[in-house]
Amino acid sequence: MQAKAIGGGKLVSFRLSPELARAHRANAGRTMTDAEAVVCVEQKRRSLALRRAKACLER
């Protein structure tokens, strides 16, 4: 599957791996609401913060 992206101000075309192409087709047409996007970003931020603080919390 060919994909296109903007990189460095230019349109770049590249070939996706079969796994990424399959995931791309599976997610076609799906979008997140603003609230869902905020929740997703907050979950990732919290999990990263907990991983980084784990050493300090174990003391």
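Using the beta-carbon distance between residue 1 and residue 32 and R0 = 25 Å, what value does 1/(1 + (r/R0)^6) give for FRET efficiency, to the nearest 0.05? Can you show the working numbers first?
Values: r = 22 Å, r/R0 = 0.90.
With a Förster radius of 25 Å, E is 0.65.
Convert each backbone phi in the stretch 30-47 into a coupling constant with the Karplus relation 6.51 cos²θ - 1.76 cosθ + 1.60 (shift: θ = phi - 60°), then list the ³J(HN,Hα) values in order as whole Hz, x for Gly and Pro.
So the Karplus estimates, Gly and Pro as x, are 8, 9, 9, 6, 4, 5, 5, 5, 5, 4, 4, 5, 5, 4, 5, 5, 5, 5 Hz.
Taking the solvent-accessible surface of protein heavy atoms with a 1.4 Å probe, what is the per residue accessible area of the chain in Å²? Can you show the working numbers first?
Details: 5610 Å² over 59 residues.
Each residue of the chain exposes 95 Å² on average to a 1.4 Å probe.
Kindly provide log₁₀ I(q)/I(0) values, in the same order as q = 0.16, 0.18, 0.27 Å⁻¹, from the Debye equation applied to equal alpha-carbon scatterers of the chain.
Result of the Debye calculation: -0.83, -0.89, -0.99.
At a 1.4 Å probe radius, carbon and sulfur cover how many percent of the accessible area of the stretch 13-59? Walk me through the numbers before you get to the answer.
Working: 2620 of 4530 Å².
Roughly 58 percent of what the probe reaches on the stretch 13-59 is carbon or sulfur.
To the nearest 20 debye, what is the magnitude of the charge dipole of the chain about its Cα centre, counting +1 on the Cβ of each Lys and Arg and -1 on the Cβ of each Asp and Glu?
In total the dipole reaches around 240 debye.
Where is the GNM fluctuation largest for the chain (alpha-carbon springs, 10 angstrom cutoff): 11, 20, 48?
In this elastic network of the chain, the residue with the biggest mean-square fluctuation among 11, 20, 48 is 11.
Determine, from the Cβ-Cβ distance of residue 40 and residue 20 and an R0 of 22 Å, the FRET efficiency 1/(1 + (r/R0)^6), rounded to the nearest 0.05.
Details: r = 20 Å, r/R0 = 0.89.
With R0 = 22 Å, the Cβ-Cβ based efficiency is 0.65.
The values are calculated or read from the model by the stated rules, or taken from the named source; none is laboratory data. Quick caveat: nothing in here was measured; it's all calculated off a predicted structure. Note: ideal-geometry Cβ built from the backbone for every residue, glycine included; neighbour counts use all protein chains shown. With ligands, DNA and RNA removed, areas are computed over all heavy atoms of the protein, side chains included. Shrake-Rupley method; radii C 1.70, N 1.55, O 1.52, S 1.80 Å.
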